[in-house]
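The values are calculated or read from the model by the stated rules, or taken from the named source; none is laboratory data. The shown structure was predicted, so the numbers you read here are calculated from the model rather than taken from an experiment. Positions of Cβ are backbone-derived with ideal geometry, glycine not excepted, and every protein chain shown enters the neighbour counts. To get the accessible areas, we keep the full protein, side chains included, count just its heavy atoms, and leave off ligands, DNA and RNA. Shrake-Rupley method; radii C 1.70, N 1.55, O 1.52, S 1.80 Å.
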Amino acid sequence: MTRFIRAALLAGLTALSLSLSLSPALADDAAAAPASRLDQVIKAGKLRICMTGDYKPFTYYRPDQSFEGMDVELGQALAKSLGVETQFIKTTWSNLMNDFIAQCDIAMGGVSITLDRARKAAFSEPTMVDGKAPIIRCADKDKFRNFDMIDQPGTRAIVNPGGTNERFARARYKRATLTLHPDNVTIFQQIVDGKADVMVTDASETLWQSKLHPELCPVTPDQPLQFAEKAYLLPQGDVAFKAYVDTWLHLAKATGEYQQIFDKWLK
């Protein structure tokens, strides 16, 4: 019995010694692990949100230098759930990824999920399904009933640079003349004024712009030219922050908070 107890004690001491010898390494690994953006946001007391401000109804940068829109309100709701304030940081589609990585915790405002963006950042769960659709002058609706009728010599297509709209336009237009217009806020007025004939953008935006400009009509927005989803851009590899944003989004949809904001801006 004595021999058994002695062996057990030696085994216990050996295990304790091994645990003590490993604990500094474990502590070093824990110290080396980067803190989640979730902790950083709560500690800073603010959620930094990148958005372009040129994509109604998701985000619009007003003349008084404030933001409004569907994703503005949702960003404020996310910040409120964290107990922090919002700080909106204006960017452009061309600089979205660089500005997001350098300055922001999340990017919102009608951001589409793309593989190019997924190489450098993560996405939340999709917020909505969307796709590309043309918008034209209502006077031309018989002339431009589908994309094949639009993509013809003499058609003046217009697009904003740096995002999925330009990528779609350069890939799909074969015969129409394509012009870049740098301001996504005034681009639709170019069609109203007869300086361009068509723009292909997200179907949700064509519906919104047709409300703002009764002269403009979407072309089959219920049958998009391609499948697309919108989501929020998040730091790559930050599991905790993504899990929180996804959980918040799920609950916002389940409680009706998301739908209430959606209906305000898109219905």
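Quick look at the numbers
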item	result
Members of region 243-267 that are modelled with pLDDT of 95 or more, surrounded by fewer than 17 Cβ atoms within 10 Å (Cβ to Cβ) and hydrophobic (A, V, I, L, M, F, W, C)	Ala243, Leu251, Ala254
Elements of type strands (runs of 3 or more DSSP E) in region 45-154, at least 1 residues being under 20 Å from Leu207 (Cα atoms), open to solvent by 40 Å² or more (accessible area, probe 1.4 Å) and basic (Lys, Arg)	132-137
Members of region 240-267 found to be among the hydrophobic types (A, V, I, L, M, F, W, C), out of contact with any Leu (no Cβ under 6 Å at 6 or more places or on another chain) and either part of a loop (DSSP other than H, G, I, E, B) or farther than 21 Å from Ser112 by Cβ (or both), listed by number	Ala243, Leu251, Ala254
Meets criteria (in contact with a helix residue (DSSP H, G or I) (Cβ under 8 Å, 6 or more places away or on another chain), at negative phi and basic (Lys, Arg)) for Arg117	yes
Residue within region 180-191 that is more than 16 Å from Ala133 (Cα to Cα), at pLDDT 95 or above and in contact with a helix residue (DSSP H, G or I) (Cβ under 8 Å, 6 or more places away or on another chain) present	yes
Pairs where the first residue, in region 139-159, is under 21 Å from Ile187 (Cα atoms) and touching a residue at least 60 places away in the same chain (Cβ under 8 Å) and the second is β-branched (Val, Ile, Thr) and part of a helix (DSSP H, G or I), C-beta under 7 Å, 6+ apart	Phe144/Ile150
Some residue of region 166-180 being within 20 Å of Asp193 (Cα to Cα), open to solvent by 70 Å² or more (accessible area, probe 1.4 Å) and in contact (Cβ under 8 Å) with a residue 40 or more places away in the chain	no
